[in-house]
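Working notes for the structure below.
The numbers here are math on the coordinates, done by the rules we state, and not lab data. For clarity, every value in this text was computed on a predicted model and none was experimentally measured. Positions of Cβ are generated from backbone atoms using ideal geometry, with glycine treated the same way; all protein chains shown enter the neighbour counts.
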Amino acid sequence: MLSQQQPDIIGWREWVGLPDLSISHIKAKVDTGAKTSALHAYYVTPFEQDGKTWVRFGLHPMQKDSLTCIECSAPVKDVRRVTDSGGHAEERYVIETTLVIQGEAFPIEVTLTDRENMRFRMLLGRSALKRRFLVDSGQSFILGGNRHLPPQPSL
C-alpha cells in the first residue's frame, strides 16, 4: 500500500503571501465554510488587454490601515455569483494567483470584493486548502507571525 503524506496543520488565521500581486504578506482567515478564497478590493475596474478581460483593483493589505495601498491587475478567470455568510449575493470577478504559505507556492482562485469593514482582508477558502492542509480551529499563526516574511513594498 502506498503511504500518503499527511497534510500540514494550520491555524484558523495565518500569514500568507500573494507574490503575483506584489503582496509579501497578508493576514488571512482560514474559512472552511467558504468554497473559494476572497480578497479585499476597494475598487475593481475591468479592462481589455490582448483581447482578454483583465481587472485592475486596489487593496489595503493591512487591517485598520487604509493609507497603505497596493494597485494590482490580473486576467479575469470567471465571474461568479457569490453569497456571503450574511446571505447577500453579488457578482464577483474571479482571478487566479499564486498563494505562498509555509514555503509552498501553488495557484488558487480568489474572488474580489470590498472587505473594508471586515476583520480580515483575505479569506482562505476550502478549495485552496484541499489535500494540503488541516485546520486546527483552536490555534492561530501555527506557521509563525509575519516576522519571517519580507516587508510590503513601499508604494
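Lysine pair count for the stretch 8-148 (Cα-Cα distance under 21 Å; residues 8 or more apart in sequence or on different chains): 9. Whole-Hz Karplus values for the stretch 46-63 come out as x, 7, 9, 9, 6, x, 10, 7, 10, 10, 10, 8, x, 9, 9, x, 10, 4 Hz, taken residue by residue from phi with 6.51 cos²θ - 1.76 cosθ + 1.60 and θ = phi - 60°; glycine and proline positions read x. With both residues required to sit in the chain, DSSP beta bridges show an antiparallel share near 75%. A simple packing score, the average count of other Cβ atoms within 10 Å per residue, orders the peptides 101-114, 120-133 as 120-133, 101-114, with the highest score first.
Taking 0.36 nm per residue of sequence separation and removing the Cα-Cα distance, the residue 131/residue 98 pair yields an extension gain of 10.2 nm. Computed about its Cα centre, the charge dipole of the chain is approximately 360 debye, with only Lys, Arg, Asp and Glu carrying charge at their Cβ.
The tail of the calculated P(r) for the chain, taken as Cα-Cα distances beyond 25 Å, holds 28 percent of the pairs. Computed from backbone phi, the HN-Hα couplings of the stretch 116-130 come to 3, 9, 9, 6, 10, 6, 9, 10, 9, x, 5, 4, 6, 8, 3 Hz, rounded to whole numbers (Karplus: 6.51 cos²θ - 1.76 cosθ + 1.60, θ = phi - 60°; Gly and Pro given as x).
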